[in-house]
Amino acid sequence: MNYQFNLQTIFPSAIIILIALIQFGCANESVPTGGKKDEKPPEAKKISPTNKSLHFNSTQIKITFNEFLKETGFTQTLISPPQDKRPEFHVEGRTLTIKLKSPLRDSTTYTINFADDVKDLNEGNTTSNFSYVFSTGDFIDSQKISGSVMLAKDNTNQEGIVVSLYPKDSGDGILKSKPFYFAKTDKAGQFKIENIKAGKYLAYALKDQNYNYIYDQPNELIAFSDSILDLTDSVKAEVRLFLFDENKKKAQLDMVKALSPGQLQISYNRPISNFKLDWRGLSKEDFAYIYPTNDTIIYWYSKYYIQKDSFYLSANDTILDTARLELKFVKQDSLFTGNNILSAGVNQSNRSKEDTAKRVDFTFQEFNKAVKINLTRPCININETKRLHLFEDSSANYSELKFTVDEKTKQSITADFQKKENAKYSIEIPDSTVQDIFGKWNRKLVYKFITNAKNSYGNLHITLKTQHPENYYVIKLLDASNTTVEEFFFTGNGERKVSAENILAGSYKFVVIEDTNKNGVWDTGIFKDKKQPEKIFTYKESYQLKGGWDLDAEVKF
């Protein structure tokens, strides 16, 4: 007996489904995998209607790229002039389709700027500042503007900043509406906006934190042009914008942290003018100091055995906060043994002693500067009968040195004496010389250092020249680590000579601040008052000062 099966009769729908799957697989391309990592952004290969079309009357635009696109939502994409209804954007494979939802104006040039919304599917490479331009009239608007954006406080180039144009009669449009024209800066801080309609505009730059093109966040940076830009065929606009943070943020508590037994760090999100603290552990020995930035306080307290507590904080007389903390502590009834350096609770006569300063063997010491020894904890008391012992090389003989304690931090002592070149010294802090905030007196400590030579230093003679003697300037001399070595103030004369003497050999450069309010520091701008940040002049040229030499330098501003 022969058995014959008609598969289509037995499984007719299965065969149809199989054929359909095979056909579907052949008709659809898949995303390629493997190979070298793709680092190139997508490129437009086919555009319909063509880019920069005239007499445009379509409601749909198709742009096909050379690789698969990611569906980004196109939230950063803008069309100018703005339309009542936002266009629709749809990605399918390599093709982006734009459907216009509002009627177009007659004789008008339109620009669809995609910002950073065009990305490939695999790696997310971005085609920045890609735009599609068309005109409903006889010509494409041809005005253009280019320029750069720098950070006002240090003149560094800024990447990814939105530079936007608004009609001059829009007021501060950037506070409430999206721009008519815009572009983003590249890695060099450069930008270019093209196909602009002839007219007068206001220019802004924005470090946009929420991608809405509007200056509406306290942590956003802003820049604006001082004058109205008149864009005509005879004008090639070149604009430099200086980005600044106008400190709009309301001061608020950022962090309270226990650093070590008896030590807290209290930080605010911006500088404050005054500060108060209250808690049950307050003592007359406690003290605090604020960083030069006026936003961070270090608070030392003597009751280091408290394990947890609430702290009541007040800043600028109006900002009130409460912080409940797990504190770093040592048990009050523990005695000093071994390395337990934070014990307490014994009689003064039996106070335990420890190494209060940090041990350093033969550290480098500048020949012409006082010796500074850092302490592990604040010094609240000194034994007036004690002196430091100074030893030269390995000699057993010593001379006595007076010393002072840093008034602000109380965490360093300073002593000065006439030093020899290339000499080894030891300073001995005798037993029970300084007492820390916990009531502990130090053990004997030996601090060793070696001096450099006189010819490690040189003199820099500086000629300051300005074409604006009516202005007031602060001139900073910076070393290779950007630390201010000398500071000069200049006003009134077209030329002035100053000197920085006995400074270490090395590389030096200058920074000049145009100090408009004569307060000696750089000040940021205020957008609502149209006040620009104070100008800073930075110089690429550096001066190489050799030891034992004099060097002349000239600074023009």
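Hey, for a label at D216 modelled as a point 7 Å past Cα toward Cβ, could you say which residues of region 175-196 have their backbone N under 15 Å away?
175-179
With θ taken as phi - 60° and the coefficients 6.51, -1.76 and 1.60, list the Karplus ³J(HN,Hα) couplings across region 66-79 in order, rounded to whole Hz; mark glycine and proline as x.
Those phi angles translate into 7, 7, 5, 9, 8, 7, 9, x, 6, 6, 8, 6, 10, 10 Hz.
If you take the Cα Rg of the chain and divide it by 2.2 N^0.38 Å, with N the number of residues, what do you get? Could the numbers behind the result be given before it?
Numbers: Rg = 34.9 Å, N = 557, 2.2 N^0.38 = 24.3 Å.
Here the answer is 1.43, to two decimals.
Once both labels are modelled 7 Å past Cα along the beta-carbon direction, what's the T483-I526 spacing in nm?
Roughly 3.6 nm, to one decimal.
How many nm separate the modelled label positions at N471 and I382, each set 7 Å beyond the Cα in the direction of the Cβ?
In this crude label model, N471 to I382 measures out at 4.5 nm.
Remind me, relative contact order of the chain in percent, using alpha carbon pairs under 8 angstrom and six or more residues apart? If you can, show how the numbers build up before the last one.
Details: 1249 pairs, mean separation 44.1, N = 557.
In percent, rounded to a whole number, it is 8.
Karplus couplings for region 161-177 from phi (6.51 cos²θ - 1.76 cosθ + 1.60, θ = phi - 60°), rounded to Hz, Gly and Pro as x?
Per-residue couplings from phi come out as 8, 7, 9, 10, 10, 10, x, 4, 8, 8, x, 8, x, 5, 7, 9, 9 Hz.
Can you list residues from other chains, or at least 5 along the same chain, whose modelled amide H is less than 5 Å from the amide H of Y539?
F510
Hey, what's the Kirkwood Rh for region 101-203 if you take every pair of different alpha carbons, in angstrom?
Working: mean 1/r = 0.0655 Å⁻¹.
Across region 101-203, the inverse of the average 1/r is 15.3 Å.
How far, in degrees from 0 to 90, does helix 12-27 lean away from the longest principal axis of the Cα atoms of the chain, to the nearest 10?
70
With each run of n ≥ 4 DSSP H residues scored as -39500 (n - 2.57), what mean residue ellipticity at 222 nm is computed for the chain after dividing by its residue count and rounding to the nearest 500 deg cm²/dmol? Working shown, then result.
Details: 2 runs with 20 residues, N = 557.
Calculated at 222 nm, the ellipticity per residue is -1000 deg cm²/dmol.
Please go through region 241-292 and write out the trypsin sites (Lys or Arg not before Pro) that DSSP classes as loop and that have at most 13 other C-beta atoms within 10 Å. Could the numbers behind the result be given before it?
On the way: sites: K248, K249, K250, K257, K276, R280, K284; in loops: K248, K249, K250, R280, K284.
Here the trypsin sites (Lys or Arg not before Pro) that fit, given the DSSP loop and packing criteria, are K249, K250, R280, K284.
Can you work out ³J(HN,Hα) from phi for every residue in region 266-274, in order, using Karplus 6.51 cos²θ - 1.76 cosθ + 1.60 and θ = phi - 60°, giving whole Hz and x for Gly and Pro?
10, 10, 10, 7, 7, x, 10, 9, 8
Using 0.36 nm per residue, how much length does the chain from F362 to S542 gain when fully extended, once their Cα-Cα distance is taken away?
Details: separation 180, 0.36 × 180 = 64.80 nm, distance 3.17 nm.
The F362-S542 span can extend by a further 61.6 nm.
So if we plug the beta-carbon distance of E43 and D138 into 1/(1 + (r/R0)^6) with R0 = 22 Å, what FRET efficiency do we get, rounded to 0.05?
Values: r = 30 Å, r/R0 = 1.35.
E(calc), rounded to 0.05, equals 0.15.
List the residues, sorted by chain then number, that are 5 or more residues from F367 or on another chain and whose placed amide H is less than 5 Å from its amide H.
When sequence neighbours closer than 5 places are left aside, the close amide H contacts are N452.
DSSP loop (so not H, G, I, E, B), at most 16 other Cβ within 10 Å: list which chymotrypsin sites (Phe, Trp or Tyr not before Pro) in region 93-193 pass both filters.
Numbers: sites: Y110, F114, F130, Y132, F134, F139, F180, Y181, F182, F191; in loops: F114, F130, F139, F180.
Answer by residue number: F139.
Using +1 on the beta carbon of Lys and Arg, -1 on that of Asp and Glu, and nothing else charged, what's the dipole of region 125-239 about the Cα centre, debye to 20?
100
Rounded, prolate or oblate for region 364-492? Axes are the square roots of the Cα gyration tensor eigenvalues, ordered a ≥ b ≥ c, and the cut-off for rounded is a/c under 1.5.
In terms of gyration-tensor shape, oblate.
Taking K and R as +1 and D and E as -1, what net charge do the other residues with C-beta under 14 Å from the C-beta of L545 add up to?
Working: positive: K509, K546; negative: D479, E486, E501, E541, D550, D552.
Around L545, the charge tally is -4.
Under 5 Å between amide hydrogens, which residues at least 5 positions from T108 or on another chain qualify, with H placed 1.01 Å from N in the peptide plane?
Answer set, sorted by chain and number: T136, G137.
DSSP loop (so not H, G, I, E, B), at most 10 other Cβ within 10 Å: list which GluC sites (Glu not before Pro) in region 501-556 pass both filters. Can you show the working numbers first?
Working: sites: E501, E514, E534, E541, E554; in loops: E534, E541.
Counting only loop positions with at most 10 other Cβ atoms within 10 Å, the GluC sites (Glu not before Pro) in region 501-556 are E541.
Any read-out appearing in this document is the output of simple, stated calculations on the displayed coordinates, not a laboratory observation. Worth saying up front: this structure is predicted, and the values here are computed from it rather than measured. Backbone-built Cβ (ideal geometry, glycine too); neighbour counts: all protein chains shown.
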